[in-house]
Each structure stands twice: as structure tokens, then as C-alpha cells.
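The values are calculated or read from the model by the stated rules, or taken from the named source; none is laboratory data. None of these values were measured; they are calculated from a predicted model. Note that we place each Cβ from the backbone using ideal geometry, even for glycine, and neighbour counts take in every protein chain shown.
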Amino acid sequence: LRGGEAGRQATADNIAAFEASGTEPTLGQATGNRVIRGTESLLSKVPGGAGVMGDFANKQADDMARAVQSLSDELAPGASAVNAGDAIARGVQAFKDGIKSVQRRLYAHLDDYIPANTPIQVSSTQDALAALNAEIPGAPNLSQFFINSKIKGIDGALQSDLEAAASGGAMPYEAIKKLRTLVGDEIGNNSLVSDVPRSKWMTLYGALSDDLGAAAHQAGPDAAAAWNWANQFTKSQMTRLEQLSGIVAKDSPEKIFSAAVAGTTEGDTIAKRVISALPMQDRREVAAALIQRMGRATPGQQNALGDAFSTETFLSNLSKISPDARQTIFGRTHVDDVMSQLEQFATVAAARRAGGKIFNNPSGTSAAAAQIGVGGSIAGGIASAAMGHPAPLAAALMVPATAYGAAKLATGPMLREMAATPTTFSPGTSASLAQAAANLQSPVDTTTHRIANAPTVDAAIDASQQIPSVQGMRSRIDAEIARMNAMRDRARAYQ
């Protein structure tokens, strides 16, 4: 049944995984035994067993859906792609504001070494503006279509201020620093509808930085060190913001969320950029929304509300996320056991898949065909018994009863707990089990005997009316299973 002590431990581990996922396994799912899984697959299509197996499969799916929803709610109640997209946009904006705040503090250290009215040569800035406003040689009229009016206006204003200052091409340190900050803000707030292309702002910003850097180095080593540190921070963080801008620039929260978790099959490069920029609660919004999305059934299996859960889809989607991406998205939420719970869910989903579609189509055409076949067998068995051949009827009657009993045992706790626990039987247990099996067969044998020994066909038909009803046989089976459970409890007490 379970394959020795190693099999017993594996069975116990599987049961624990199912219980951690809020549900229970069948005997085949618990033991992993191929023969048992095959038997369960057969039971799911045979009258008497199909209903039991189908109901258990549906309950398992519902239990898992509740467990996944519970984990999602623990991370972020009411999670959705919309909320996650909004959280990403909000978190990245806060990250951006934080960078600007640090950036200002770092550059403010330069003020300790360079007084506000210190003249700063702006030759790099002048050269950059001249290049941006240069005409195309030989095509002055065409050039006007490629010269930005705002950049041209900045160039003219700078020249006027330099002439007014009469300082030999120099401007006050405070003025150049402020101009550079304003240009940086234009870069950060730039959009597709901006009147100045971002590339032109970047060129001007770089030129202003060169002029400020030259002034810092002239002011001494401490000023140069302060400048280099602030510049290094700005360069690295601007690169991060540049990478994030392509994600948060999407035109809807859903698209922002999808962009943020894209590429997780191969690794966590994009996810790490996003998650690292978010505060803790926004990280949880992203993780919860992804959990929701992983378990959503495909369109062909979806319900009218669009919220049907599918263990198969969950397993498939979870397996597509690389280990690094799982750790980045789920492992950095600071919520206990998220990763281990996901692994438990994966174990359960894999066990269901390994069953070879055990619960596939439990109430569909296969079961219907089997029911018709069994009904025909019983009718034929009655006729055979009336002619003195009771065996076909006995066999036909036992099919639904046996299937029902086997399905109840396969989905009940008794056998799987026995498979997971080293159990010593108390004296007389084996005999009691044998008697329970005989009790199940007795009513069928008695009725079959009466039909076979009936003096006339009419008498045989009357005797056939005494065949135990399916419900009656199920009641008897349930009673015997209850007796077996009691024997199991006594066996444990005996240990």
C-alpha cells in the first residue's frame, strides 16, 4: 500500500501538505501508489463511486481556493491587478521623491565649500545650447523646424544674463545650481506630449553638471569629494528611475502590474527593480495580486463571475515563475511562511495532476455510459437468475455497492491515516474486518438465492423486488465503515 517506512513517511508528508493547504487527500494522493490512483480513476467513472469521487474533487478544489484566498487576504485584503498597479505607481513615485530628497541633501553639502555668489564659468552650458540651436548648414529655413523654441529661449536668456553680469562668461554658483535643479525636474516630469524632447533636457543637464563639477574641483578636495559622491548617487538612481519609467508609464493600473511581473519565467530582473523600489505594504499588494492571478481558471473553465479557481492553472502558473522571482516577489513581504505555503499548494496541485485526471468528468458522458451499462447488467442478471443462473445478477448488483464502498474508503480518513501511521492491530481485528465484508455481501447473496430457486418466472420477479436499494446498500456500507473506524480507534488504543 505505502512501500515500507520510507513510503509511510512520504504518505505522512503528503497528508501534512494537504492539511496545510486546508484540505484532505484521497488514499491515492496520500500514498502516491499508482495502482490506487488508477483505481480511484476508475471509481470516478463507475456508478456508486462517481458521485463520491466527484463530490470529493469539488470539495478539494473549494478548500484550496479558500486557502489561497486566505493567503492573499493575509498579504493584502481585496487584492487585484488594479490595486497592485496603483500600488506600484504610488510606490515608484514615493521612491522617486525619496531619491530627489537625498539628492538635494547631498548636493547641499557643496554649499559648505562654495559660497552662493561665487562666479562659475558656464562654457560647457554655452557650448551645449549652441549645439542644440545650431542651424543645418546651407538650410536655414529647414533648420527652424528642428530648433526647439524653449531651448532657444533659454540660450538667449543666458546670454543676456551673462552680458548683464559682465563677469567674463560666469554666473553665480547659486544660479547655476538652481538652473540645473529645474532642468532635472523637467527630465523627471517629461512626457510624450512635452514641448521639449527629453534628450535635449538631458544634454543641457549634463553640460550644467560639467560646469558645476569644474567649480567643485577648483574649490578643493573636500568640495570635489562632496560633488563626486552626490554625482555618483544621482547617476545610479537616475538609471533605476529610467528603468522603472517604462513600467509606470503604462496607461492603466492593470498594464502596470502586468509589466512589473513580466519576465519572471527567466528570472527576477524586472521584478527586483520594482519590488526594491516599493514600501512593504505595496510589495504585499503585488504578491497578493499575483497569487490571485495564478489560480484564476482559464476562460474555457471560468464561471460567469470570472472568479473560478483552478488547481491545475495555479500549479502551471507557479511552475512558470523562476525560483529567484518567487523569492523576490513573495519572499520579501515580511509575512511568515508565504513561501512555504506556496510550496504546499504546489505539492497538493501536483498530487492532483499526478492522479491522471482522477476526477475528470465525474458526472459526464463516461459516468452516464457506465450507469446505462450497469443498469442493463442488472436487468439481464434478473432474467438469468430466473432461469437458474444467479451469478450474473450477484456480480451486477455488487458493482455500484462495491464502487460506493471503495470510493468512501478512498476518500475517507481511515485508510490514509493507517497508511501514514505505524499501527499494530489488536487481537481479533482481522476477523472483525472479514465479518464486515461478509455483512456487505449477505443481502445480495440472499436475494440472488431466492430468485434462482423461484418455482415460476412470476415468483422470480416478485423475489427481485427484494433487491436492496442503492440507498439501502449505501447505508449498510456507511455503517460498516463506521465499524471499521471504531476498530481503528481501538487498535490505536491497544498500541
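A few points about this structure:
- Test: residue in the stretch 338-358 that is at pLDDT below 50 and not in a helix (DSSP H, G or I): yes
- Condition check for Thr265: out of contact with any Asp or Glu (no Cβ under 9 Å at 6 or more places or on another chain), within 26 Å of Ile154 (Cβ to Cβ) and at pLDDT below 95: no
- Check on Thr269, surrounded by fewer than 18 Cβ atoms within 10 Å (Cβ to Cβ), of a type in the set (Val, Ile, Thr) and under 16 Å from the mean Cα position of the chain (by Cα): no
- Whether a residue is touching a residue at least 60 places away in the same chain (Cβ under 8 Å) and within 13 Å of Tyr113 (Cβ to Cβ) was assessed, and Ala207 does not pass this test.
- Selection count, the stretch 98-112, where residues are closer than 15 Å to Ile176 by Cβ and either surrounded by fewer than 15 Cβ atoms within 10 Å (Cβ to Cβ) or among the hydroxyl-bearing types (Ser, Thr, Tyr) (or both): 3
- Candidate set from the stretch 322-336 (those that are assigned to a loop (DSSP other than H, G, I, E, B) and of a type outside the set (D, E, K, R)); member that is surrounded by the fewest Cβ atoms within 10 Å (Cβ to Cβ): His334
- Flag for Ala87 being under 23 Å from the mean Cα position of the chain (by Cα) and under 30 Å from Gln232 (Cα atoms): yes
- Scanning the stretch 17-33 for residues that are farther than 13 Å from Phe345 by Cβ and in a helix (DSSP H, G or I) yields Leu27, Gly28, Gln29, Ala30, Thr31.
- Residue match in the stretch 120-137 (condition: of a type in the set (A, V, I, L, M), surrounded by 15 or more Cβ atoms within 10 Å (Cβ to Cβ), over 30 Å from Ala164 (Cβ atoms) and touching a Phe, Trp or Tyr at 6+ places or on another chain (Cβ under 6 Å)): no
- Screening Gln232 on (1) out of contact with any Lys or Arg (no Cβ under 9 Å at 6 or more places or on another chain); (2) surrounded by fewer than 17 Cβ atoms within 10 Å (Cβ to Cβ); (3) touching a residue at least 24 places away in the same chain (Cβ under 8 Å) shows it passes everything except condition (3).
- Close pairs (8 angstrom Cβ cut-off, 6 or more residues apart or separate chains): part of a helix (DSSP H, G or I) in the stretch 65-77, surrounded by 18 or more Cβ atoms within 10 Å (Cβ to Cβ) and of a type in the set (Asp, Glu) anywhere: Leu75/Glu285
- For the criterion of being under 30 Å from Ala230 (Cα atoms), acidic (Asp, Glu) and touching a residue at least 24 places away in the same chain (Cβ under 8 Å), Asp112 passes.
- Residue ID - farthest from Thr421 (Cα to Cα), chosen from residues in the stretch 27-52 that are surrounded by fewer than 19 Cβ atoms within 10 Å (Cβ to Cβ), within 30 Å of the chain's Cα centre (by Cα) and touching a residue at least 60 places away in the same chain (Cβ under 8 Å): Ser41
- Criterion: outside any helix (DSSP H, G or I), surrounded by fewer than 20 Cβ atoms within 10 Å (Cβ to Cβ) and without any contact (Cβ under 8 Å) to a residue 12 or more places away in the chain - qualifying residue of Asp251, Asp195: Asp251
- Failed item, numbered, when Ser322 is tested on (1) over 13 Å from the mean Cα position of the chain (by Cα); (2) modelled with pLDDT of 90 or more: (1)
- Against the numbered list (1) surrounded by 19 or more Cβ atoms within 10 Å (Cβ to Cβ); (2) hydroxyl-bearing (Ser, Thr, Tyr); (3) not in a helix (DSSP H, G or I), Ser209 comes up short only at (3).
- The conditions of being assigned to a helix (DSSP H, G or I), touching a helix residue (DSSP H, G or I) at 6+ places or on another chain (Cβ under 7 Å), closer than 24 Å to Ser209 by Cβ and modelled with pLDDT of 90 or more are met by Leu106.
- Given (1) closer than 18 Å to Ser70 by Cβ; (2) crowded, with 19+ Cβ neighbours inside 10 Å, index of the condition Ala346 fails: (2)
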